[in-house]
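A short worksheet on the structure shown next.
The values are calculated or read from the model by the stated rules, or taken from the named source; none is laboratory data. Keep in mind that what you see is a predicted model, and the values were worked out from it rather than measured. When we count neighbours, we look across all protein chains shown, and the Cβ atoms used for this are built from the backbone with ideal geometry, even at glycine. With ligands, DNA and RNA removed, areas are computed over all heavy atoms of the protein, side chains included. Shrake-Rupley method; radii C 1.70, N 1.55, O 1.52, S 1.80 Å.
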Amino acid sequence: MSRLPDPPAGGFCARAWERTAELQRAVVAHPFNAALTDGTLDRERFAFYIVQDARYLIAFAQALSAAATRSEDPADAAFLAGAARGALVEERRLHAGYVEEFGLSADDLAGVATSPSCTAYTSFLRASALVDPYPVLLAAVLPCFWVYQHVGSEILAAVGDVSAHPYRRWIETYADEEFAEAVLAARELTDRAAAAADEPVRERMLAAFSRATEYEWMFWDGAWRLERWPTAQWLPA
């Protein structure tokens, strides 16, 4: 299962994906992901992305943990808590491997400021965890699962044999069967929450899913541009 099956017709996920379809295509076609696909993505951009993503995953895990505490179903709570742990342990292990491979020191990492896009995305997730209803929070965290699996599977389909690809570990992580199963579980959970909610909450879910997907595009765009704070010149390093 590389590419996921379509979500059930009439459910929230089908509606959310249809609403963001053009943006999903833009994410896959973004120059960062195009260069990642053909292996020409330069290390400076990828290293910048890895540093930002490691910081993002902390907020993502916090949002997942908040969702786990709100779930009234023990199995759903266990899934969300496990996903939070996976974000902090498994994906950060992938990042650590690239940090070691690139020879980045602790001082190198500390010297990279958290980008405006990363700051905005993490702030959005933390705010959702604090103030949004449970179904809206689920919709806010779903794109990080689903969009990454979609991008990973599209890249794998385009490349085929990744054994000699410079970013093989990244592609294999997000095109992995186990990760695909987690995405299906997250979709199913979100569809169930939406079905039990009223229409105003479902509209808020659509807005949250769309905004998080926008942040996904912005995150890759920020890495491509090596995004800096435009005001940094007026502040001490």
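Remarks
- Nitroxide proxy distance, nm - points 7 Å out along Cα→Cβ at Ala9 and Arg192: 2.4 nm
- For the chain, a crude dipole built from +1 on the beta carbon of Lys and Arg and -1 on the beta carbon of Asp and Glu, taken about the Cα centre, is about 500 debye to the nearest 20.
- What the Cβ-Cβ distance of Val112 and Ala34 gives, at R0 = 25 Å and to the nearest 0.05, is a FRET efficiency of 0.60.
- The packing ranking of peptides 78-87, 122-131, 135-144, highest mean first, is 135-144, 78-87, 122-131, where packing means the average number of other beta carbon atoms within 10 angstrom of each residue.
- Gyration tensor (alpha-carbon) shape descriptor, the range 82-145, a/c threshold 1.5: oblate
- Under the shape rule built on the C-alpha gyration tensor, where the axes satisfy a ≥ b ≥ c, the range 6-77 is oblate, since a/c reaches at least 1.5 while a/b does not exceed b/c.
- Solution diffusion estimate, µm²/s, Stokes-Einstein, the chain, Kirkwood Rh from C-alpha pairs, 4 °C, viscosity 1.567 mPa s: 71 µm²/s
- Anisotropy class of the range 106-237 from Cα gyration tensor, a/c 1.5 cut: oblate
- Share of carbon and sulfur in the accessible heavy-atom surface of the chain [1.4 Å probe, %]: 57 percent
- With a Förster radius of 22 Å applied to the beta-carbon distance between Glu18 and Glu199, the computed FRET efficiency rounds to 0.80.
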